[in-house]
């Protein structure tokens, strides 16, 4: 299929409850849950000391209304800002914050963690801590040269990117541009936690094929260095998932420190 016929995540209103169930549910696909959720969660926990020492403000940019990755270390920050490229997703997160009756269960995957290898975490008990720490949920415009800086003018201490860059970028140049834009308000010395997949071929949702930029490890290392980062941890896991809804070679997780402004 030609790239021009693919749907674009940032421009498409989707059923976010179904999105989480499809791509992040251990009940539907335990193998996919292990690769895209549990593997990076383990990497983050192994490097929790880096996050503990930061304090201050955490800014998160995630694909879909998924906050599971924030539960292990939300208590270590004074406040948390959630950014979304999709207005409908932004609204779902606001409903989750207010505990509205029909809100998406953003942390539903936490109840499965104990059975799948991270039994020491009381993640469900931290959901209300996360709610108290979230100060704002905002949508940002990727067409803005510095989208995060425009709506979060203060420098932040930690920035999380969860599968967003892959799905809002179309080529090498847009990936570079989006990376620099998203990290523009991370302070020097701040930590960047980023998740993605190498050589993604496709992901399908609601009978539509969505675009995802395919790249390899050498390109990722190069663009992070160009954006002013030193990589402290880069771990990857080869995919064993056989699925009709998504195909990629490896899941990767990076912990990097911003060492200079660009």
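The values are calculated or read from the model by the stated rules, or taken from the named source; none is laboratory data. Source: prediction; values computed, not measured. Glycine also receives a Cβ, built like all others from the backbone with ideal geometry; neighbour counts cover every protein chain displayed.
So is residue 122 over 17 Å from residue 38 (Cα atoms), modelled with pLDDT under 90 and surrounded by fewer than 21 Cβ atoms within 10 Å (Cβ to Cβ) or not? So residue 122 fails the test. Among the conditions (1) surrounded by 20 or more Cβ atoms within 10 Å (Cβ to Cβ); (2) at pLDDT 65 or above, the only one that residue 28 does not satisfy is (1). Close Cβ contacts (under 8 Å, 6 or more residues apart or on different chains) running from residues in region 224-252 that are closer than 27 Å to residue 180 by Cβ to residues that are in a loop (DSSP other than H, G, I, E, B) and modelled with pLDDT of 95 or more comprise 228/259; 228/260; 229/259; 230/259. Would you please name the residue that is modelled with the highest pLDDT, looking only at residues in region 248-262 that are more than 17 Å from residue 38 (Cβ to Cβ), in contact with a strand residue (DSSP E or B) (Cβ under 6 Å, 6 or more places away or on another chain) and in a loop (DSSP other than H, G, I, E, B)? Taking the candidates together, the pick is 259. Residue 112 meets each of the listed conditions (1) within 23 Å of residue 48 (Cα to Cα); (2) crowded, with 20+ Cβ neighbours inside 10 Å; (3) at pLDDT below 85 apart from (2).
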